[in-house]
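Let me begin by presenting the structure, written as structure tokens, before commenting on it.
What follows draws every value from the coordinates through simple rules; no lab data is involved. This structure is a prediction, so every number in the text was calculated from the model and none was measured. Here the Cβ is made from the backbone with ideal geometry for all residues, glycine too, and neighbour counts use every protein chain on show.
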């Protein structure tokens, strides 16, 4: 499925969620569903198996998620199964999160450092990059000792590399 199709499904779900005041709830539910599918490979195989009838898959999805997600999210899941597009839920969820963030003026950032950041350090990074982008940053932190020091910030498809490892590599190429 092309990204355009994923965006269409995401846009349709987003419009319904926005109309009903459920933007945050649906985002949380999509993350829950994708996490379940990522953790349980056997369940994912069943849902994606071409020889299992769509009605059986829909019944399984309903039984598993109806008490945990809104009717809007459940309807999306059932529609995806009906149209044979359930294997693309991750793309749809990512597109939905992007739409939700855009509507809230939020940008997700992955901040990688060699050691854990304090709350103050996270707030400082969020403030500086938020000012640069004129948006509010929602930060997810990752600790990776291999960067040696400094910080690596990934926002969308942009990478701001202030790691000591990268600085040393640039220095080595200059010499």
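For region 69-89, the count of residues that are outside any helix (DSSP H, G or I), in contact (Cβ under 8 Å) with a residue 24 or more places away in the chain and within 23 Å of residue 24 (Cα to Cα) is nonzero. Counted as qualifying within region 98-172 are the strands (runs of 3 or more DSSP E) with 1 or more residues that are closer than 21 Å to residue 28 by Cα and touching a residue at least 40 places away in the same chain (Cβ under 8 Å), namely 106-113, 150-155. Within region 153-166, if we keep just the residues that are surrounded by 13 or more Cβ atoms within 10 Å (Cβ to Cβ) and under 24 Å from residue 105 (Cβ atoms), the residue that is farthest from the chain's Cα centre (by Cα) turns out to be 160.
Among the conditions (1) touching a strand residue (DSSP E or B) at 6+ places or on another chain (Cβ under 9 Å); (2) surrounded by 14 or more Cβ atoms within 10 Å (Cβ to Cβ), the only one that residue 88 does not satisfy is (1).
How about region 130-147: which of its residues are in contact with a strand residue (DSSP E or B) (Cβ under 7 Å, 6 or more places away or on another chain) and over 9 Å from residue 109 (Cα atoms)? Scanning region 130-147 gives 130, 133, 135, 136, 142, 143, 144, 147.
When region 102-116 is filtered for residues that are surrounded by 17 or more Cβ atoms within 10 Å (Cβ to Cβ), in contact with a strand residue (DSSP E or B) (Cβ under 6 Å, 6 or more places away or on another chain) and more than 30 Å from residue 76 (Cβ to Cβ), the ones remaining, listed by number, are 111, 112, 113. Where residues in region 21-38 are surrounded by 15 or more Cβ atoms within 10 Å (Cβ to Cβ) and under 13 Å from residue 87 (Cα atoms), which of them is farthest from the chain's Cα centre (by Cα)? Among those that are surrounded by 15 or more Cβ atoms within 10 Å (Cβ to Cβ) and under 13 Å from residue 87 (Cα atoms), it is 37. Annotation: residue 99 fulfils all but one of (1) touching a strand residue (DSSP E or B) at 6+ places or on another chain (Cβ under 9 Å); (2) closer than 28 Å to residue 44 by Cα; the unmet one is (1).
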